[in-house]
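So the structure is just underneath, and the comments pick up after that.
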Amino acid sequence: MVPQDRHGRRWHHYRGRVPDDVPPTPPVPDSFDALDARARELDHAFRETDRASAFDLPDRTIYLDGNSLGALPRSVADRVDDVVRREWGQRLIRSWNEADWWDAPQRIGDRVGRLIGAAQGQVIVGDSTSVNLFKVLVAAARQRPDRRVVLTDPDSFPTDLYLLDEVAELLGLQVERVAPADAPRRLGELSGSVAVSAYSAVDYRTGQRWDLAAIAAATHAAGGLAVWDLCHGAGVLDLAVDTDGCDFAVGCGYKYLNGGPGAPAFAYVRLEHLESLANPLPGWQGHARPFAMSPQYTPARGIGRLRTGTQPIISLLALDAALDIYDGLLMAQVRARSLSLTGLAIDALDAVGLGGSVVTPREPERRGSQVSFRHDQALALVQALIARGVIGDFREPDIVRLGFAPLYLSHVEVVTAIRHLAQALAAGEPSRPEFARRATVT
Ligand SMILES: *Cc1c(COP(=O)(O)O)cnc(C)c1O
């Protein structure tokens, strides 16, 4: 088991793990002029996947935080206006039928399903990622009632850790925190006692992509079920939940899917588990006959049984409109563009001399859609960049995290952002007092 202290910080482990597997640095382009020229060539080569004009982005801003809150698609404001003024304002309660508000969670779920490699009828949109995680973790563990062990990554996003601990407490399970790279081996040792493995596609701090298919295969060989958190994968990775052995998954609507702040999340349940699926938060909207108002719960057939209560329809339909951007795009194309952008960012960081502190893997197949590097003035550096119009974020303890939402970022912007970084450092901007303050949200 991975060592951890009682404050839940496992940083020594994290520090030890990441730099070890960073391969040698590739040749560095000798100047920003060369990088600019290459960026222009790449933007030309990738012009078919440029969707920047479909977004309403502020001027003079390079937005490298689409992994945390996606930008505003132009289609969303008009759609929300129509939903509010006409569907709600004029049509009132009739819109549950007329505008098909009732089936929105499943209908939009299928649209998300296409982006993660799920056939129809297995994805539902609604609630938050945290709530969906609770639902699928309990549901998955209950499919394996004789087994007690659940595995997860000690460096998981905190909500994932808190929820799994609580689910374990409720169901009498035992959590083992095992790094993703060690999970297949450990799952082999635990064969016969594993109920569930719960892993994220991408480490939210380092941007490292994990081989979830391998973890799922090892989980199945050990007799357990695989739960995936796709928050930093949906909308940027070429995921294949159906063919890669995922049993249950959750993911965010407001990150790369651009559904807006607090957008509903999604949950995936593999077809073969749907019939026996028990929703641990059963509500009237997941009932087979919701308007029978029966005192007895009878779950709906299919993914609809994962519903609990009434959903925020305005937010659901904002997400629906945001997903229009993906129409006509294959995730393989989006993934190729993402890798090109992050690859160029790493090359530019090499040119600035920061390459050695990059904690995101250089091999494309091990990279999500972000580039993170360590810096001893990380928090102030992020503030200095924001003042220059380059918006990234800071993660404890010393990570500058740059997210690359491929649909609205260009290669030229990537190089411009790293040029700002070089200029801010050369001018000593991170040492200015105004950049030392820490806001509530970093
Ligand atoms: C963003 C994120 C969450 C967020 O959960 P919410 O319920 O939307 O607050 C959870 N898990 C991971 C891995 C994330 O990246």
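Bear in mind these aren't lab numbers, they're just calculated from the coordinates by the rules spelled out. What you see is a predicted model; the values in this text were computed from it and never measured. Please note: Cβ atoms are built from the backbone with ideal geometry, for glycine as well, and neighbour counts cover all protein chains shown.
When TYR63, TYR268 are sorted by how many other C-beta atoms sit within 10 angstrom of their C-beta, beginning with the fewest, the order is TYR63, TYR268. Near ARG367, the amide H atoms lying under 5 Å from its own belong to ARG209; only residues 5 or more places off or on other chains count, and H is placed 1.01 Å from N. Projecting the Cα positions of ALA216, ALA348, LEU190 onto the charge dipole of the chain (unit charges on Cβ atoms of Lys, Arg, Asp and Glu, taken about the Cα centre) puts LEU190 furthest along the positive direction. Once backbone amide H atoms are built at 1.01 Å from N, PHE55 has ARG74 as its partners under 5 Å, excluding neighbours fewer than 5 places away on the same chain.
Provide the convex hull volume over Cα atoms per residue for the chain, in Å³.
Each residue corresponds to 148 Å³ of Cα convex hull volume.
I'd like to know which of VAL236, LEU173, PHE248 lies farthest towards the positive end of the charge dipole of the chain, counting +1 on Cβ of Lys and Arg and -1 on Cβ of Asp and Glu. With unit charges placed on the Cβ atoms, the residue in question is LEU173.
Taking Cα centre as origin and charging only the Cβ of basic (Lys, Arg, +1) and acidic (Asp, Glu, -1) residues, the dipole magnitude of the chain rounds to 800 debye. Do the sum for the chain: with -39,500 (n - 2.57) for every DSSP H run of n ≥ 4, divided by all residues, what is the mean residue ellipticity at 222 nm, to the nearest 500 deg cm²/dmol? After summing the helix terms and dividing by the residues of the chain, the value is -11000 deg cm²/dmol.
Amide H contacts of ASP127: ALA265, each under 5 Å away and 5 or more positions distant or on a separate chain (H built 1.01 Å from N in the peptide plane; Pro and chain starts excluded).
Simple point charges give the picture: +1 on the Cβ of Lys and Arg, -1 on the Cβ of Asp and Glu, and for segment 345-420 a dipole about the Cα centre of about 80 debye.
Coupling constants for segment 56-70 follow from the phi torsions by the Karplus curve (6.51 cos²θ - 1.76 cosθ + 1.60, θ = phi - 60°), and in residue order they are 9, 9, x, 5, 6, 10, 10, 9, 10, 10, x, 6, 10, 9, x Hz; glycine and proline get x. Each eigenvalue of the Cα gyration tensor of segment 169-217, multiplied by 5 and square-rooted, gives one semi-axis; in descending order these are 21, 14, 9 Å. Across segment 78-92, computed HN-Hα scalar couplings (Karplus, 6.51 cos²θ - 1.76 cosθ + 1.60, θ = phi - 60°) run 5, 5, 5, 4, 5, 4, 6, 6, 9, 4, 7, x, 9, 8, 6 Hz from first to last residue, x flagging Gly and Pro. Across segment 215-224, computed HN-Hα scalar couplings (Karplus, 6.51 cos²θ - 1.76 cosθ + 1.60, θ = phi - 60°) run 5, 5, 4, 5, 5, 5, 4, 8, x, x Hz from first to last residue, x flagging Gly and Pro.
Here the calculated FRET efficiency for ARG438 and ALA37, from their Cβ-Cβ distance with R0 = 45 Å, stands at 0.70, rounded to the nearest 0.05. Anisotropy class assigned to segment 353-426 is oblate, per the alpha carbon gyration tensor with a/c at or over the 1.5 cut-off and a/b no larger than b/c. Projecting the Cα positions of PHE134, GLY283, TRP96 onto the charge dipole of the chain (unit charges on Cβ atoms of Lys, Arg, Asp and Glu, taken about the Cα centre) puts GLY283 furthest along the positive direction.
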